[in-house]
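The values are calculated or read from the model by the stated rules, or taken from the named source; none is laboratory data. On a predicted model such as this, the values are computed, not experimentally measured, just so you know. Backbone-built Cβ (ideal geometry, glycine too); neighbour counts: all protein chains shown.
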Amino acid sequence: MRRLAEKGFTPQAKMCKQDFKESQVRKRMKFQQEHDGVSAAGWKQKLQGVGDFKDFTYYPQHMRSKFLALRAPWTYMTKAERNKPEFQRPKRWFPKQDWKQVKKQKVFGLTTSNGKTLCFLVPKPFTSKDWALEMKNRVVLFLKRTFPNKRSFQILLDGEGLFYAPDAKKAMEEGKVSVLANWPKYSPDLNPQENVWAWSEERLRAEEEDDDSFEDFQTRVLRACHAYPYGEKLVGGMAKRMQILSDRKGANIGK
C-alpha cells in the first residue's frame, strides 16, 4: 500500500456522475430554497414517506464474475488516470449480444417517516393504469395503516412519468395522497430512497448464489429491500441533503 502511494496510486472512487446543466442547477437551487432551514423533525412532519422505482439486474452465471469486477466503485489510480474512460464506471458493461441475456426486475419502494417499508415487484408490462391500481390497493392502504390518525398524506416521488399520469393522479386524489411539489428532474441524489437501493444492492450481491434462477433472484431482491436497517432516518435526512445541496450550489451531492 505504501509503495503504491509513493508512486501516486491511491484508492479513489470511480467517476460516474455527470455535471448538471445550468438550467437544472437553477431548479435544484430553487427547490432547496423552498425548503431551506427545515429541520429533520420538520421534514418528518412534512412528509409521510419517500418512494421510488428501481431496476435490479439479474446476471446469468457466466456473466456474474465480470459484472462484480466492473461494478467496483473504486480502484487504485493516479489523479491523472481518474479522468480516463478506462478508469470510469461504464454506462454499458457488456456488448449488446451479451446484454440480451440479462433480466431486469423493477421494484417500487416506499419508506415512511417512522421507518416502515413497502416494497413490491413491478411486473412487465406496467402501465399508468397498473400504477393507479397499485396506488389505490397498496400504497394508500399502507399509508392508512401506518398513519391511522391522518386523513391525508404527502410523499416524495421523483420525476418518473407513471407517477404523474392522469390515472395515477386520480388514484392519489381519491386516496388523499399528494406529491411534494417542484421536484427537480434528474435528481436521484436528492431522494433518500436511493440509500435503500444502494444498501439493498450490496446485500443482494453478497447473498446471491451462482446457481440462482431468476425466480430466486426476485425473492432475494425483495428480502434485501425489506432488510434495510435505517428506515427511520431517511425522511429526516432530507434536512442534511438540502444543506449539502446549498453548500455545493446545486451540484450533485454524491448520495
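Go through the stretch 39-68 and give me each residue that's part of a helix (DSSP H, G or I) and modelled with pLDDT of 95 or more. Scanning the stretch 39-68 gives Ala40, Ala41, Gly42, Trp43, Lys44, Gln45, Lys46. Quickly run through the stretch 207-232 and pick out the residues that are under 15 Å from Val50 (Cα atoms) and assigned to a loop (DSSP other than H, G, I, E, B). Scanning the stretch 207-232 gives Tyr228, Tyr230.
Taken over the stretch 166-199, residues that are in contact (Cβ under 8 Å) with a residue 60 or more places away in the chain, part of a helix (DSSP H, G or I), within 26 Å of Thr127 (Cβ to Cβ) and not β-branched (Val, Ile, Thr) amount to 4. If the condition is being in a loop (DSSP other than H, G, I, E, B) and charged (D, E, K, R), then the stretch 112-165 contributes Lys116, Lys124, Lys150, Arg151, Asp158, Glu160.
Candidates are the residues of the stretch 125-162 that are touching a Lys or Arg at 6+ places or on another chain (Cβ under 9 Å) and crowded, with 20+ Cβ neighbours inside 10 Å; the one that is modelled with the lowest pLDDT is Asp158. Scanning the stretch 225-255 for residues that are within 14 Å of Thr111 (Cβ to Cβ), small (Gly, Ala, Ser) and surrounded by 15 or more Cβ atoms within 10 Å (Cβ to Cβ) gives Gly231, Gly236, Gly237. In the stretch 172-201, the qualifying residues are those that are surrounded by fewer than 12 Cβ atoms within 10 Å (Cβ to Cβ) and either within 27 Å of Gln61 (Cα to Cα) or charged (D, E, K, R) (or both), and the one that is farthest from the chain's Cα centre (by Cα) is Glu173.
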